[in-house]
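First comes the structure, then the notes that go with it.
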There are 2 protein chains.
Amino acid sequence: MTVFGGNVKESGRALRDAHLSDDEAVAKMGHPAWWGGGDGLGKLEGMENDVTLPLGFVWGAVKAGIKASGNLDVAVAMAPKGAVGAAMFTRNQVVAAPVTVGRRHLAATGGRVSAVLVNAGNANCATGAAGIDACERTCVAAAEAFGCIFDEVFPSSTGIIGVPFPTEKVVAAMPSVKAVLGETSEHAELFARAIMTTDTKMKVARAVIEVEGTEVRIFGVAKGAGMIHPQMGPPHATMLVYLFTDVVAKAEQLRAVMEPTVEGSFNSISIDGDTSTNDTVLLVASGASGVALDGTVAESFANGLKLVCDSLAHQIVDDGEGVGHVVTLRISGARTKAEAKVVAKAIAHSPLCKTAWSSADPNWGRLLAAAGYSGVEFDPAFVTVTIGGLPVFEGGMRAAAFDETAVHELMLGREYTIAMDLGVGEEECVFLTCDLTAEYVRINADYST
Amino acid sequence: MTVFGGNVKESGRALRDAHLSDDEAVAKMGHPAWWGGGDGLGKLEGMENDVTLPLGFVWGAVKAGIKASGNLDVAVAMAPKGAVGAAMFTRNQVVAAPVTVGRRHLAATGGRVSAVLVNAGNANCATGAAGIDACERTCVAAAEAFGCIFDEVFPSSTGIIGVPFPTEKVVAAMPSVKAVLGETSEHAELFARAIMTTDTKMKVARAVIEVEGTEVRIFGVAKGAGMIHPQMGPPHATMLVYLFTDVVAKAEQLRAVMEPTVEGSFNSISIDGDTSTNDTVLLVASGASGVALDGTVAESFANGLKLVCDSLAHQIVDDGEGVGHVVTLRISGARTKAEAKVVAKAIAHSPLCKTAWSSADPNWGRLLAAAGYSGVEFDPAFVTVTIGGLPVFEGGMRAAAFDETAVHELMLGREYTIAMDLGVGEEECVFLTCDLTAEYVRINADYST
């Protein structure tokens, strides 16, 4: 069996002009440039580009006039009869209407998903009972347009919060979305573009699992936790992830494979520590490959899903607001994985650590201090810290071999790993984060009356 | 009975040129300008300036060559025979040598404190066993110079961490410190100046408690959580607070009055969420007033101590790195005070909330989102939010009376209150914090090889 995964470094593409690019994207329909081309995802070894999308799905998007930019803002993915899904949502207690509705729909249908309906430009959050009603009405409109049951429509929204939802714009867009639905990579690109907000890159990743001559495909698309609307009304940051696969599975099988994968990917990244009200990860299986998710397939599928999720998670951090450096924290020697993660999060959320990274400052004192106030018990005398493999701290003080200039130069790179061993156990975790820059502050402080 | 407290707004003084000011301060000895003068603390109603310092103490400081700036950096306060103290330390598990030694000394002596020895310029943290030894040696030197027992010396350090402690400089400074010790406000100012690092203002506050013709005095001095050394070696931020009083008390009485006061003041502020390895609050009672801490005195003393601590806590936030706005968070309607504080901290540590404040952005969505991910359970439908008393959010959506322009203009002010009622209980808390500015990032990212 073989798992092919998109290379992390190549799986995002810079959009130099989002407005132009959307038009180009529409104009380009039928020209398979981005998917396998030189400026796109890159060609994956051992397979043709036309077989990399999961079977059974169609995608599309249109401009419904919700984004102030006038770009693509309503996206739809249709799954075939019998498709099932599993979702994980933000742990925030303040949730947007589509999160409430999405939970209800999955519960009501036992996980059946016929359509995914996403809009960008309005988060439909803090909109009260009217927001719930608005969301349901768009699901009904989609169901009528696409010939499915309304609670098999899975809704998502991202954008401004606290602003009444533009229900009529979404409802009115259904016929034109239906007209552009298709199964090619260009159609998938429309979907990926429409859910973007201030993302500077599309975020897609894919994997193909080969088991004894059969193939199962996974295609993931995400928008990052980086969104700002310099307009009246509060800006809002949200992560949306859609994972499409053609494996044959039950909803509970999808949940079982999804939860540890999300824990190790999307739940192990942080840009600024702020958890959105709309965060959603949805995994939908069309069953069109005819290959069941069991036996050896299950293990390979889990590996493939992990490749896709890890890639998308990395793309999200790499495209974070104002990010200059992507930092992998590897916390080892912990009593439990949970404790390792507590230490990682304390470091990842420490403004003093994050600002030090922005200037390539090998400031191990701030790392130690953050670990020290995390609440996890350890003795600094047994802690070791390396940056990019170079010794920094050991024996309760700066490492004898600490070469400050060498570590500083290493930290000038875009990406590096900080490894801390707590010396109290055998468990570890890997956590992905980034620096805090003046540009981040400028982006998020930008306010025009 | 009456409690006089220094006015928060007047109790700090800007130091326009720290280097010059230290020289002026030394030259000024015997000229009581700062303490009651126009540019100082202001004259407090109903008492003369010469009676505001607690009896029995002498203060002083010298330049020992530890600060790179050459400013005052070794400070001493001497208490009379029989003085007792109580201290609270950082909850960080990575602690500096003087924190370890200070704990040991208080435990060994049952709380007796004869001298407080503080240095700035080197935190004596992450210095291993050699750091503990260095700290003890300075305590022994102080004890010899001042004629007390070495474990009645309470040590503190603030400054660079991970750099070997300059023991000899501190030891050599003891005779010259002894020569400048005195009981006047000018001597107290030397102490207050010497413990400063990148603080831009001295932080002092005082209160006098009058009970049936007797007086008890409290004098507090602090350095803020704002310190940076653009030098080799990691910078480090620390809060040090010394509270001197002439009340007659036992160590356990001091602890009892101190803990709730610290919880409501220094434990209810945050600049950046980073907890230092050296944070220390020490309360020392000389007993020289002859007034015992019991009966009605106890209640008045608690009020006076609260005034002093609240003032110092406010001064620390107001002088925080890059602070443009001081924000009071009042979280009410909580099930417990602890839950109210959890919500307050989530908001106070949210980069998205803090950056919005820096641009006077009335972004209630970020406040709601932070409360939502705090882990405290509530229903957004019953939450109300006001900013400066103006309605912002209620009934699960933006308040009908929300006037964005008015709230924005109010937030242009230096200081305002954000009140959030969770609608699930009767408890509340008040928490003081500040915005996150590009200047904060610049200060903490400043790194020169």
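The values are calculated or read from the model by the stated rules, or taken from the named source; none is laboratory data. Just so it is clear, the structure is predicted and the values come from calculations on it, not from any experiment. Heads up, the Cβs are rebuilt from the backbone with ideal geometry, glycines too, and the neighbour counts pull from every protein chain shown. The protein model used for the area step is the full one, side chains on, heavy atoms only, and it has no ligands, DNA or RNA in it. Shrake-Rupley method; radii C 1.70, N 1.55, O 1.52, S 1.80 Å.
Return a whole-number percent for the relative contact order of region A:326-445, with Cα pairs under 8 Å and 6 or more residues apart as the contact set. Present the calculation step by step, with values, prior to reporting the outcome.
On the way: 237 pairs, mean separation 55.7, N = 120.
About 46 percent, as a whole number.
Kirkwood analysis of chain B, using all unique Cα-Cα pairs, places the hydrodynamic radius at 22.5 Å. For region A:326-367, the equivalent ellipsoid derived from the Cα gyration tensor has semi-axes of 21, 9, 9 Å, listed largest first.
Using the alpha carbons of region B:326-445, what is the convex hull volume per residue in cubic angstrom, as a whole number?
On the way: hull volume 10.8 nm³, N = 120.
Per-residue hull volume (Cα only) is 90 Å³.
Sum up the charges of everything whose Cβ sits under 12 Å from the Cβ of A:F431, counting Lys and Arg as +1 and Asp and Glu as -1, but leave A:F431 out. Provide the component values of the computation, followed by the final result.
Working: positive: A:R330, A:K337, A:K341, A:K345; negative: A:E263, A:E428.
Spelling it out: positives minus negatives among the neighbours equals +2.
Students often forget the sequence filter, so: which aspartates and glutamates lie under 20 Å Cα-Cα from A:K81 once same-chain residues fewer than 8 apart are removed? Result set, ordered by chain and number: A:E144, A:D151, A:E152, A:E183, A:D246, A:E252.
For the residues of A:349-358, the average number of beta carbons from a partner chain within 10 Å of their own beta carbon is 6. Using Cα pairs closer than 8 Å and at least 6 residues apart in sequence, work out the relative contact order for chain A, in percent. About 17 percent, as a whole number.
Note on exposure: B:V297, B:V430 ranked by accessible area (1.4 Å probe, complete protein assembly) read B:V430, B:V297, with the most exposed listed first. Once divided by 2.2 N^0.38 Å, the Cα radius of gyration of the protein assembly as shown becomes 1.04. For the options B:S358, B:S265, B:S114, a Gaussian network treatment of chain B with springs between C-alpha atoms closer than 10 Å singles out B:S358 as fluctuating the most. Using the Karplus relation 6.51 cos²θ - 1.76 cosθ + 1.60 with θ = phi - 60°, the per-residue 3J(HN,Hα) values for region A:424-438 come to 10, x, 10, 8, 8, 8, 10, 9, 10, 8, 8, 7, 10, 10, 4 Hz, with x marking Gly and Pro. Chain B against chain A buries an accessible area of about 4600 Å², both chains summed, 1.4 Å probe radius. With the biggest extent put first, the Cα atoms of region B:167-211 measure 45, 26, 16 Å across the principal axes. How charged is the neighbourhood of A:S332? Take every other residue with its Cβ under 9 Å from the Cβ of A:S332, and add Lys/Arg as +1 and Asp/Glu as -1. So the surrounding residues net to -3. Expressed to the nearest 5 percent, the antiparallel share of DSSP beta bridges inside region B:46-174 is 60 percent.
Given Cβ point charges of +1 (Lys, Arg) and -1 (Asp, Glu) and nothing else, what value in debye, to the nearest 20, does the dipole of chain A about its Cα centre take?
Working: 34 positive and 52 negative charges, 194 e Å.
Magnitude of the dipole: close to 940 debye.
If you take the Cα centroid of region A:46-109 and the Cα centroid of region A:390-449, the two points sit 35 Å apart. In the context of the full protein assembly, B:L307 retains an accessible surface of approximately 80 Å², using a probe radius of 1.4 Å and ignoring ligands and nucleic acids.
If I compute solvent accessible area with a 1.4 Å probe over the protein chains, what percent of it on region B:332-427 is carbon and sulfur? If you can, show how the numbers build up before the last one.
Numbers: 1930 of 3480 Å².
The value for region B:332-427 is 55 percent carbon and sulfur by accessible area.
Where chain B is rotated onto chain A, the residue of B whose Cβ comes nearest the axis, and that gap in whole Å, is B:A438, 2. Placing one equal scatterer on every Cα of region B:46-114 and applying the Debye formula, the log10 ratio I(q)/I(0) at q = 0.17 Å⁻¹ is -0.92. Considering only beta bridges that DSSP places wholly inside the protein assembly as shown, some 70 percent are antiparallel.
Largest mean-square fluctuation among B:A123, B:A338, B:A348, in a Gaussian network model of chain B whose springs join Cα atoms under 10 Å apart, belongs to B:A338. The alpha carbons of region B:289-355 occupy a box of 52, 33, 11 Å along the principal axes, longest dimension given first. A simple charge model with +1 on the Cβ of Lys and Arg, -1 on the Cβ of Asp and Glu and nothing else charged puts the dipole of region A:326-445 at about 380 debye relative to its Cα centre. Largest to smallest in accessible area, the residues B:F146, A:F150 fall in the order A:F150, B:F146 (1.4 Å probe, all protein chains included).
Mean-square fluctuations from a GNM of chain A, with a 10 angstrom spring cutoff on Cα atoms, peak among A:V140, A:V424, A:V327 at A:V424.
Can you give the % of DSSP beta bridges in chain A that are antiparallel, to the nearest 5?
On the way: 56 of 79 bridges.
Among the beta bridges of chain A, antiparallel pairing accounts for roughly 70 percent.
Think of chain B as a dipole: +1 on every Lys or Arg Cβ, -1 on every Asp or Glu Cβ, centred on the Cα centre; then among B:M420, B:T328, B:L53, B:L53 lies furthest on the positive end.
Comparing each chain alone with all protein chains together (probe 1.4 Å, DNA, RNA and ligands left out), the residues of region A:131-162 losing at least 10 Å² of accessible area are A:I161, A:G162. Note that region B:326-445 presents 34 Å² accessible area per residue, ligands and nucleic acids not counted, probe 1.4 Å. Rounded to the nearest 10 degrees, the inclination of helix B:295-318 to the longest alpha-carbon principal axis of chain B is 70 degrees.
If you place +1 on the Cβ of every Lys and Arg, -1 on the Cβ of every Asp and Glu, and leave all else neutral, what size is the dipole of region B:82-162 about its Cα centre, to the nearest 20 Debye? Let's see the in-between values first.
Details: 5 positive and 5 negative charges, 50 e Å.
It works out to roughly 240 debye.
Other residues with beta-carbon under 12 Å from the beta-carbon of A:V140 carry, at +1 per Lys or Arg and -1 per Asp or Glu, a net charge of -4. For the residues A:M88, A:M239, a 1.4 Å probe over the protein chains yields an accessible-area ranking, largest first, of A:M88, A:M239.
Adding -39500 (n - 2.57) for every DSSP H run of four residues or longer, then dividing by how many residues chain B holds, sets the calculated 222 nm ellipticity at -10500 deg cm²/dmol. When all protein chains stay in place, what accessible area (Å², nearest 10, 1.4 Å probe) is found for A:E339? Using a 1.4 Å probe on the heavy atoms, I get roughly 50 Å².
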